[in-house]
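Participant: Mind looking over this structure? Questions follow.
The values are calculated or read from the model by the stated rules, or taken from the named source; none is laboratory data. None of these values were measured; they are calculated from a predicted model. Ideal geometry is used to build each Cβ from the backbone, glycine not excepted, and the neighbour counts take in all protein chains shown. Protein only, heavy atoms only, side chains kept; ligands, DNA and RNA dropped before computing areas. Shrake-Rupley method; radii C 1.70, N 1.55, O 1.52, S 1.80 Å.
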Amino acid sequence: MTITKQLHTPPRTIMTPGPVEADPRVLRALGTPILGQFDPAFTHIMNETMEMLRELFQTKNKWAFPVDGTSRAGIEAVLASVVEPGDKVFVPIFGRFGYLLTEIAERYGADVHNIECEWGEVFDPETVIREIKKVNPKIVAMVHGETSTGRMQPLKEIGAACRNEDILFIVDAVATIGGTDVKVDEWNIDALIAGTQKCLSVPSGMAPITYNDRIEKIIMERKKVEKGIATKADAQTVRLRPNIISNYFDLSQLQDYWSERRLNHHTEATSMLYALREGLRVILEEGLEERFARHRLHEKALVAGIKAMGLSLFGDEHSKVPTVTCVLIPSGIDGEAVRSTLLEQFGIEIASSFGPMHGKIWRIGTMGYSCRKDNVLFTLAGLEAVLIRNGATVNAGSALQAALEVYEEEVALSSL
């Protein structure tokens, strides 16, 4: 029998749009001893996590908790719990993940209406609002930050229009939460889904969500507790709507698990909850506004370096998301060869893209713990060196100087 060697992962500088480098404090929290899921010490940790999520989401919602699973699990849990067969759902698409919202809604029987814009752009909110009035859906589902194109959709006006029309507004903020401003209550967002593996700097495996009483009303009218754990009162409940199809993604049971009732729906991912709790502590200690400013600073330095090198950015710069920078691959350059060499020779990982953008752009993330000065400078240096080795014409030495100029200007401004 071969004895497998002890796990040893190579050192990496992860500059993708997710996953990103986990904060060292989060990694230490993962090693905390296991508690039973209904131990009062553990339920106290659950309550602390909910309270910190409310601060992160900028909401007073009662319900703010993680769904165990990747970000997609959170999206599916929300849609599975509110979409009923035949419901009209409107999904404006400006990249890959609008298609994902459409796919999930359709699988739960929704009648989905789409509009699309060019990848690299976002919608004028008035365009979306006009379509909302035309379609009159039960739900509008939108992506906030689209990592496939590096764009960020303005949401405030759309949220207000949805509330005025009594339409539910569901938002995928996986790529933006913790890296740029997301105001759940002020923007009239009824349900919002986040992820741990991007700007929260926690490993993939949880999808923090929040939703308000408008969503809860639908969930409670569809509530069905599984027989093995149902009380007599549960069994006698008269449902006003068809029950939620999924058991695992049933928010009516999940919220009972996260409430004082502590319904034994599943066994919580204990170590991941420790990690999420610590990741939230890191964010709130830094301060939301300070954290958002840090992401803008390192984005600015990265963009300045990319442009000074002689490369071009992809997409409308006015709608750029602060956490992802999309770079056009120079003509005649094999984008995958550059990525491979960057990883093999420097230990730096950047991402390619999807669909019509695959092979045309690189995506560089500046998210969470990965969003640091040393990472930005190292990535610019490594990318320049690899491009030169691959025969690209670049302005050698200019990228680092441009980025350093941004950092020095920031120091000068902060000292005023």
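Participant: Please go through the range 10-40 and give me each residue that is more than 25 Å from the chain's Cα centre (by Cα) and over 23 Å from Ser71 (Cα atoms), ordered by number.
Facilitator: Residues satisfying the conditions are Pro10, Thr32, Pro33, Ile34, Leu35, Gly36, Phe38, Asp39, Pro40.
Participant: When Glu221 is evaluated against the numbered criteria (1) in contact (Cβ under 8 Å) with a residue 24 or more places away in the chain; (2) on the phi < 0 side of the Ramachandran plot; (3) surrounded by fewer than 24 Cβ atoms within 10 Å (Cβ to Cβ), which criterion, by number, is the only one it fails?
Facilitator: Failing condition for Glu221: (1).
Participant: Could you grab me the full set of residues in the range 242-276 that are farther than 25 Å from Glu48 by Cβ and open to solvent by less than 70 Å² (accessible area, probe 1.4 Å)?
Facilitator: Asn243, Ile244, Ser246
Participant: Quick one: what pairs do we get from the range 179-203, first residue closer than 16 Å to Glu157 by Cα, second at pLDDT below 95 and in a loop (DSSP other than H, G, I, E, B), C-beta under 8 Å, 6+ apart or different chains?
Facilitator: Within 8 Å, no pair qualifies.
Participant: Ok, one more. State whether one or more residues within the range 324-333 are assigned to a helix (DSSP H, G or I), farther than 21 Å from Leu400 by Cβ and more than 22 Å from the chain's Cα centre (by Cα).
Facilitator: no
Participant: Please specify each residue of the range 314-328 satisfying the condition of being more than 13 Å from Thr149 (Cβ to Cβ) and surrounded by fewer than 22 Cβ atoms within 10 Å (Cβ to Cβ).
Facilitator: Hit for the range 314-328 is His318, nothing else.
Participant: Here's something else I'd like to know. Against the condition over 27 Å from His358 (Cβ atoms) and surrounded by fewer than 20 Cβ atoms within 10 Å (Cβ to Cβ), how does Ile129 come out, does it pass?
Facilitator: yes
Participant: Shifting gears a bit: I'm trying to understand the selection: among the residues of the range 129-158, which are free of Cβ contacts under 8 Å to residues at least 40 places away in the same chain, in contact with a strand residue (DSSP E or B) (Cβ under 8 Å, 6 or more places away or on another chain) and assigned to a helix (DSSP H, G or I)?
Facilitator: Scanning the range 129-158 gives a single hit, Ile158.
Participant: Looking only at the range 391-408, count every residue that is exposed (fewer than 14 other Cβ atoms within 10 Å of the Cβ) and charged (D, E, K, R) and tell me the total.
Facilitator: 1
Participant: Could you count how many residues in the range 41-57 are open to solvent by 80 Å² or more (accessible area, probe 1.4 Å) and more than 23 Å from the chain's Cα centre (by Cα)?
Facilitator: 1
Participant: Among the numbered criteria (1) closer than 18 Å to His266 by Cα; (2) open to solvent by 60 Å² or more (accessible area, probe 1.4 Å); (3) among the charged types (D, E, K, R), which single criterion is violated by Arg28?
Facilitator: The single condition Arg28 does not satisfy is (1).
Participant: Do we have any residue at all in the range 257-276 that's part of a helix (DSSP H, G or I), under 30 Å from Gly31 (Cβ atoms), over 23 Å from the mean Cα position of the chain (by Cα) and in the same structural domain as Arg163 (by the TED database)?
Facilitator: Yes, that holds for at least one residue.
Participant: Regarding Glu290, is this residue open to solvent by 10 Å² or more (accessible area, probe 1.4 Å), out of contact with any Leu (no Cβ under 6 Å at 6 or more places or on another chain), in a helix (DSSP H, G or I) and over 19 Å from Val411 (Cα atoms)?
Facilitator: no
Participant: Just one of (1) surrounded by 19 or more Cβ atoms within 10 Å (Cβ to Cβ); (2) modelled with pLDDT of 95 or more trips up Leu343, so point out which.
Facilitator: (1)
Participant: Can I ask one more? All but one of (1) of a type in the set (Val, Ile, Thr); (2) under 30 Å from Ala399 (Cβ atoms); (3) open to solvent by 20 Å² or more (accessible area, probe 1.4 Å) hold for Thr231; which doesn't?
Facilitator: The number of the failed condition is (2).
Participant: Let me ask another. Confirm whether Leu311 is within 24 Å of Arg12 (Cβ to Cβ), open to solvent by less than 60 Å² (accessible area, probe 1.4 Å), among the hydrophobic types (A, V, I, L, M, F, W, C) and in a helix (DSSP H, G or I).
Facilitator: No: the conditions fail for Leu311.
Participant: Any residue in the range 360-376 that is touching a helix residue (DSSP H, G or I) at 6+ places or on another chain (Cβ under 8 Å), assigned by the TED database to the domain that holds Thr325, farther than 24 Å from Thr180 by Cα and open to solvent by less than 60 Å² (accessible area, probe 1.4 Å)?
Facilitator: No, the range 360-376 contains no residue that is touching a helix residue (DSSP H, G or I) at 6+ places or on another chain (Cβ under 8 Å), assigned by the TED database to the domain that holds Thr325, farther than 24 Å from Thr180 by Cα and open to solvent by less than 60 Å² (accessible area, probe 1.4 Å).
Participant: Here is a follow-up. Would you call Leu79 within 15 Å of the chain's Cα centre (by Cα), modelled with pLDDT of 95 or more, part of a helix (DSSP H, G or I) and under 24 Å from Leu276 (Cβ atoms)?
Facilitator: Considered against the rule, which asks whether it is within 15 Å of the chain's Cα centre (by Cα), modelled with pLDDT of 95 or more, part of a helix (DSSP H, G or I) and under 24 Å from Leu276 (Cβ atoms), Leu79 comes out as no.
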